[in-house]
1. Can you tell me, using C-alpha contacts under 8 Å and at least 6 residues apart, the relative contact order of segment 30-74 as a whole percent?
2. Once ligands and nucleic acids are excluded and a 1.4 Å probe is used, how much of residue 43 is accessible, expressed in Å² to the nearest 10?
3. Using a 1.4 angstrom probe and counting only protein chains, how large is the accessible area of residue 316 in Å², to 10?
4. Under 4.7 Å Cβ to Cβ, no partner at all: give me those cysteines from the chain, in residue order.
5. What three numbers, in Å, describe the spread of the alpha carbons of segment 221-345 along their principal axes, ordered from the longest?
6. Return, ordered by residue number, the residues of segment 106-137 whose backbone nitrogen is under 19 Å from a label point located 7 Å along Cα→Cβ of residue 235.
7. Which trypsin sites (Lys or Arg not before Pro) does segment 79-186 hold that lie in a coil by DSSP with at most 13 other beta carbons within 10 Å?
8. Looking at the chain, do any whole DSSP H helices span at least 24 angstrom along their long axis by alpha carbon and average -0.5 or above on Kyte-Doolittle, and which?
Amino acid sequence: MIPTTVAGSLPKPDWLAEPEKLWAPWRLEGAALIDGQKKAALEWIRFQEDAGIDIVSDGEQFRKHFVHGFLEHIEGIDWQRMTTMGIRNDRYEAQVPTVTAQVRRPKPVHVESAKFCRANTKNKLKFTLPGPMTICDTIADGYYGDRPKMAMAFAELLNAEARELQAAGVDVVQFDEPAFNAFTEEAATWGVDCLNRAIEGLTCTTAVHICYGYGIQQNIDWKKSLGGEWRQYEAFFPALNKSNIGQVSLECANSHVPLSLIALLKDKDVLVGAIDVATNEIETPEQVAATLRAALEFVAPERMVACTNCGLAPLTAAVAQGKLKALGAGARLLREELSKGRGRP
C-alpha cells in the first residue's frame with residue numbers, strides 16, 4: 001500500500017556531465033561513456049533501494065534530456081537545422097532540431113539500458129519516455145504541417161519502443177507530458193488520443209506524468225503568474241480518466257493545485273507528487289506524510305503512489321538524495337498510520 005517512485009530524472013555525477021544543468025553535454029566518449037552511464041544508473045538504483053523507493057528508475061542517466069535522448073535516435077530529424085521555438089506555449093525559447101521527413105525508429109533506443117537496469121534490481125522498474133504532445137512542443141515541424149498528425153506519428157514510434165521495454169522486463173512505462181498543462185484544450189482531445197496510441201497493446205503498468213515543469217527559473221516565474229489556484233488539470237483529467245492509461249502523476253507538494261481535482265481520476269491510480277523539485281530545501285518525512293495524507297481525502301490508499309513532483313536533474317546530488325530519503329520515510333510513516341487506523345482524514 002502506497003508504494004514509492006520517482007517521476008523520472010535524477011542528477012548526473014559531475015564526471016559524467018555538468019551537474020545542475022539541462023541538456024548538459026557528456027564528459028565521456030565511446031565505451032567510457034557507456035560504462036559511465038551504467039555506473040551512474042547503478043549507483044542511483046542502489047540509492048533508491050536503500051532510501052525505500054519501491055519502483056526504481058535509471059534516473060535517465062543514459063540520456064542528456066528526457067525528450068532529446070529519445071529523438072537523437074529517430075530518423076527524419078535534422079540536427080543541423082536548428083530552429084528557435086517557443087517551448088510550453090512560449091513560456092521560454094530554445095534552439096531545437098527540425099523534423100524534415102517522415103519519422104522512423106530504425107532500432108530500439110532505450111532497450112539495452114532497460115535490460116541493464118532490470119538485471120541489477122529486484123525492485124519493480126519504471127522506464128520513462130517523452131509523451132507525443134511534449135515531443136511536438138520540443139521539436140520544430142518542417143514536414144508534417146499539422147501538430148496532431150506529427151504527434152500521432154511519434155506515438156506509433158513510442159508504442160514500438162514501449163513494447164520492447166515491456167519485453168525487456170520493465171514493470172511501468174511512463175510517458176512524460178508536461179505540455180498538457182500548457183495546452184489544456186488540446187490535451188483533452190488529440191493529446192489523450194496520442195497517449196492511447198502510444199500504450200496500445202501494452203500489458204505492463206502504464207503511466208502519464210503531468211507536472212508544472214522542472215525547477216528552472218522560467219517555470220518558477222510561470223507558476224507565480226498562475227494565481228492562487230492552479231486548475232489546469234481540471235481541463236483534461238476527465239478525458240484522461242476515460243483513457244486507457246493506468247496511472248496519472250501530478251504535482252501536489254507546495255503547489256496551488258486543489259487536491260479535490262484528484263477526484264476527477266476516480267478510475268486511475270494516482271501518483272501524488274510529495275517532493276517539491278523547485279527548492280533546495282529538503283522535506284521532512286512528516287511533511288511528505290502530510291501531503292500524502294491530505295490527498296487521501298480524494299484517492300483511496302490502494303490507488304495512491306507516493307512520488308516526486310517532477311524530475312530532480314537540476315538539483316545537486318546531495319539535495320536529491322535527501323529528498324528521496326524523505327519520500328521513502330514519509331510514505332513509511334503514513335503506511336504505519338494506516339495500519340493502525342489513524343491515517344485517513
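1. 34 percent
2. Answer for residue 43: close to 100 Å² accessible.
3. Rounded to the nearest 10, that gives 50 Å².
4. 117, 136, 194, 204, 252, 307
5. Here the spans come out as 42, 39, 27 Å, largest first.
6. 131-137
7. Here the trypsin sites (Lys or Arg not before Pro) that fit, given the DSSP loop and packing criteria, are 122.
8. Helices meeting the criterion: 30-51, 147-167, 317-339.
The values are calculated or read from the model by the stated rules, or taken from the named source; none is laboratory data. Computed from a predicted model, the values in this text were never measured in an experiment. Cβ coordinates were reconstructed from backbone atoms using ideal geometry, including for glycine residues, and neighbour counts include every protein chain displayed. Heads up: the accessible areas ignore ligands, DNA and RNA and are worked out on the full protein's heavy atoms, side chains in. Shrake-Rupley method; radii C 1.70, N 1.55, O 1.52, S 1.80 Å.
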